Structure formats: structure tokens, C-alpha cells
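Worksheet for the structure shown next.
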Amino acid sequence: MNNLVASNLTHHPGRTLASVVGVAVGVILVVLTVGLVRGQLRERGQRDANIGVEIMLRQGGAGISLTSADMTIPVSDVEAVRAVPGVAMATPVGQNLEMGASGGLGIRQIDGIDFQSFTAASNLRIVKGERLPQSGDFAIIDFREAANRRINVGDKIKGLGRELRVVGIYEPEAGARVKIPLATMQQALVASDKCSMIFVKCQNAVEQEAVAARILKRFPGYSFFLTRELPQLFANSSSALNIFLDVVKGLATVISVLVILLTMYTTVAERTRQIGVLKSLGASKFWIAWTFEKEALLISLLGVGGGLAVSTIARYLLVNGLGLNIDLEAGSILYASIAGLVSGLLGALYPALRAASQDPVDALSYE
């Protein structure tokens, strides 16, 4: 049987190759899409965790999101937060997400900060250039953004519909890669004396939960995140992105099923006389059906292997060439592999049963 399966696959190499590519595309779609989304979210969470504060306050129910946070928190609340026992420093931060702003994936977040209080609360330090002014069309960027986009101090970048002059480059990677004066963001978004979040530095990091509870008692309309939990929260908490990923997985599986179904159905039609000969020689229905299933399984195995190989190479190129963060998660690889194999078996099921149920006399007389 194995020799028959191999000869059938090599009889039409072009069609076999197209089928393998179809399954591989499904695998690549799952592995790279899930890896890109998870990697970007985890990297974003890690950068926020690197800021050096322990607590992030925002309006209650706002949740974790890649989208812009509304500028609804009065900056005047910052002083009241600083007065809470256990708080060492608090700083207002504005956030805005821009689409199609920086090439690549076309998504970039910009933070609006009060430089003096932000640096007092965080780990940010200027390594080249000068500090960010209190207002004006200026920006500071992190060292990786400067390296990836080849930006130097004095260059201009676009943001918030303006041209922003880069006055400094900072370390470490913390929060948004581009930071502008909070006053500039307030002016651009027509949100005077407002911010999106309040970052809180605790006097004792061990007591951050207790400090957060005291802040919520003073401001019951707020919610908070602990920065140490952000990488995992960003990776798992976005329901909209999880739904999107489920749709991608389902679409990839459907593609593989349809590719195998079309291939095997055409194969059955072409081999009608051969099926008649096999049945006349005593081949059982199960033997014939399993022959077609084995062909589909072999095509799926080749497609899964090729898809994983292409995904690994593509990840290397994207990570090293474009600086993207792509996680090839074991879960998505396992799902793509199993889905590719199962879709092959399901796609070949109807053609296999159709072949097995053919009458040998009619099959032998088929033209």
C-alpha cells in the first residue's frame, strides 16, 4: 500500500505540491499571526513593567488595551495621590495610539509626560541629547527606536499631526518608545489639564498592594494595575484579540480542509478505473478508503513540516530585519500541527468514502 500511495503522489507532482503549500499556508497563518500578536503584547507589557513604578492608576473599568486611553483624569488628582501614605512619587501620563504612523505595522503609541516628575518616579534617563521641555513640539525616543529607525538628536518625526523635533534619546525601554510633553498632548487632543493614567512609585515596593488599596479608598472611581503583572496581563487579557486569534485559527483549518478535499476529490475522479481494478482483485472498502486517507495524511505531514520551517525562517528575518517581537509559542505550534493533520484526514474523508463505495463494474467501464 505504501508504494501505491507514494506513486500516486508523484504521479501529479504539481498538484501534490499545491496541496502541500495549501496546508503549509494554514500552519504559517496560525503560527506567525499568533506569535506576532502575543509577542507584541508581551513586549509592550514588559516595556511598561520596566518603567520603574509599581502602580498604574486609570479610570475604573478602562481595562488593559492597546488602544488609546481617554484623557479623562484631572491632573489635579496627582497631588492628592502623592499625599496617600506609602506613595513616594506620582506622575501624570497621557497616552495616544496612532495608526500608520511609523512604518512597519503602522501602529505607534505616544506618551505625554511631565519630564521632571516622570523621571523622579521612573528609571528613565537621557543618554544622548537633553531633557524634554515642559511644552512645545519636542520628543524624546528610546535607544532602540533611534537605532531601528536611524533617528538622531535634532531629527524630526511625525506625531499627533505635527512635526516633533527629537531632543533626546533615553534608556531603558520603558512605556511608549516616543514621549512628548504632556502639555503638548493636552493641546493636540483638546484635553486641558487632563491625563490618561497616573503612575505611582511606592516608598516600599513590598507594600504596593496596600498602597493601591489606600489610593482606591481615596479615589473609588479608579482602578489599578501592578506593573509586575503587566507582561502576562497584556499577553492574555485582551478578549477582542483572543477572538481575532480564534478566527485566524479557524480560517487556517478551513483552508487546509478545503485544499485536501479538492485534491482528493479530483484524485478519486481520475482513478475511478484503478479503484475498479482494485475492488475486482478483492480490495476491501476499508483498504481503499484508508489508501486515500494515507495520501491525505502524507500531504498534511509535508505541509505541516514545511509550514513550521517557513515560519521559523520568517520569524528570524522579521525579528532581525524589522525588530519585531514574535513568540513561536508551543501551544500555537501544537495547534497548527494537529489542525493540519486532522484537516487532512477530514478533507479526504468524503472522497475516500466515495471511492470505497463505487461499484467495481461501473468503475471498470468508466471513461
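The values are calculated or read from the model by the stated rules, or taken from the named source; none is laboratory data. Every value quoted in this text rests on a predicted model; they were computed, and no experiment measured them. Cβ placement follows ideal geometry from the backbone for every residue including glycine, while neighbour counts extend to all protein chains displayed. Just the protein is used for accessible areas: all its heavy atoms, side chains included, with ligands, DNA and RNA removed. Shrake-Rupley method; radii C 1.70, N 1.55, O 1.52, S 1.80 Å.
If I ask for residues that are on the phi < 0 side of the Ramachandran plot and among the small types (Gly, Ala, Ser), which ones from the stretch 312-337 would you list? I'd like the intermediate steps shown before the answer.
Keep residues of the stretch 312-337 that are on the phi < 0 side of the Ramachandran plot, which gives 312-322, 324-337.
Scanning the stretch 312-337 gives Ala314, Gly321, Ala330, Gly331, Ser332, Ala336, Ser337.
One line per residue, one yes/no per condition, for (1) under 22 Å from Leu346 (Cα atoms); (2) surrounded by 22 or more Cβ atoms within 10 Å (Cβ to Cβ); (3) at pLDDT 80 or above; (4) not aliphatic (A, V, I, L, M):
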| site | (1), (2), (3), (4) |
| --- | --- |
| Asn2 | yes, no, no, yes |
| Arg15 | yes, no, no, yes |
| Ser19 | yes, yes, no, yes |
| Val23 | yes, yes, no, no |
| Leu29 | yes, no, yes, no |
| Leu36 | no, no, no, no |
| Gln40 | no, no, no, yes |
| Arg44 | no, no, no, yes |
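Residues that are at pLDDT 70 or above, at least 3 per element: which helices (runs of 4 or more DSSP H) completely within the stretch 281-367 meet that?
Values: elements: 285-322, 330-356, 360-364.
Hits in the stretch 281-367: 285-322, 330-356.
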>> With the requirement that a residue be in a helix (DSSP H, G or I) and either farther than 21 Å from Asp48 by Cα or open to solvent by 50 Å² or more (accessible area, probe 1.4 Å) (or both), what does the stretch 217-232 give you?
In response: Lys217, Arg218, Arg228, Glu229, Gln232
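Within the group Ala62, Ala88, Ala83, which residue is at pLDDT below 90 and open to solvent by 40 Å² or more (accessible area, probe 1.4 Å)?
Details: Ala88 fails: at pLDDT below 90; Ala83 fails: at pLDDT below 90.
Step by step, each of Ala62, Ala88, Ala83 is checked, and only Ala62 is at pLDDT below 90 and open to solvent by 40 Å² or more (accessible area, probe 1.4 Å).
Taking the stretch 288-319, which residues are open to solvent by less than 60 Å² (accessible area, probe 1.4 Å) and closer than 17 Å to Thr33 by Cα?
Here is the first cut: in the stretch 288-319, the ones open to solvent by less than 60 Å² (accessible area, probe 1.4 Å) are 288-289, 291-297, 299-300, 303-309, 311, 314, 318-319.
Selection gives Val304, Gly306, Gly307, Leu308, Ala309, Ser311, Ala314, Leu318, Val319.
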> Looking at Leu322, Leu328, which one is touching a residue at least 24 places away in the same chain (Cβ under 8 Å), touching a helix residue (DSSP H, G or I) at 6+ places or on another chain (Cβ under 9 Å), closer than 20 Å to Arg44 by Cα and surrounded by fewer than 15 Cβ atoms within 10 Å (Cβ to Cβ)?
Replying inline: Leu322
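Just checking, does the stretch 132-147 include any residue being of a type outside the set (D, E, K, R), more than 25 Å from the chain's Cα centre (by Cα), open to solvent by 50 Å² or more (accessible area, probe 1.4 Å) and at pLDDT 95 or above?
First pass over the stretch 132-147, keeping only residues of a type outside the set (D, E, K, R): 132-136, 138-141, 143, 146-147.
Now drop any that are not more than 25 Å from the chain's Cα centre (by Cα), which leaves 132-136, 138-140.
Keeping just the survivors that are open to solvent by 50 Å² or more (accessible area, probe 1.4 Å) gives 134-135, 138.
Retained after the next criterion (residues that are at pLDDT 95 or above): 138.
Yes, there is a match, as at least one residue in the stretch 132-147 is of a type outside the set (D, E, K, R), more than 25 Å from the chain's Cα centre (by Cα), open to solvent by 50 Å² or more (accessible area, probe 1.4 Å) and at pLDDT 95 or above.
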> Taking only pairs six or more apart or across chains, which ones have beta-carbon atoms under 9 Å, a first residue in the stretch 215-239 that is under 20 Å from Met89 (Cα atoms), and a second residue that is open to solvent by 70 Å² or more (accessible area, probe 1.4 Å) and at pLDDT 90 or above?
Replying inline: Arg218/Ala83; Leu226/Glu209
> Only one of these conditions is not met by Gly154: (1) in contact with a Gly (Cβ under 9 Å, 6 or more places away or on another chain); (2) on the phi < 0 side of the Ramachandran plot. Which number is it?
Replying inline: (2)
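Would the stretch 112-128 turn up any residue that is of a type in the set (Lys, Arg), in contact with a Ser or Thr (Cβ under 8 Å, 6 or more places away or on another chain) and surrounded by 15 or more Cβ atoms within 10 Å (Cβ to Cβ)? Steps first, please.
Taking the stretch 112-128 and keeping what is of a type in the set (Lys, Arg), we get 125, 128.
Subsequent filtering for residues that are in contact with a Ser or Thr (Cβ under 8 Å, 6 or more places away or on another chain) retains 125.
Filter once more, so that each one left must be surrounded by 15 or more Cβ atoms within 10 Å (Cβ to Cβ): none.
For the stretch 112-128, residues of a type in the set (Lys, Arg), in contact with a Ser or Thr (Cβ under 8 Å, 6 or more places away or on another chain) and surrounded by 15 or more Cβ atoms within 10 Å (Cβ to Cβ): absent.
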>> Show the residue pairs meeting these rules: Cβ distance below 7 Å; 6+ apart or different chains; first residue within the stretch 125-150 and touching a residue at least 12 places away in the same chain (Cβ under 8 Å); second residue among the small types (Gly, Ala, Ser) and part of a strand (DSSP E or B).
In response: Ile126/Gly168; Lys128/Gly168; Gly129/Gly168; Glu130/Gly168; Arg131/Gly168; Leu132/Gly168; Ala139/Gly159; Ile140/Gly168
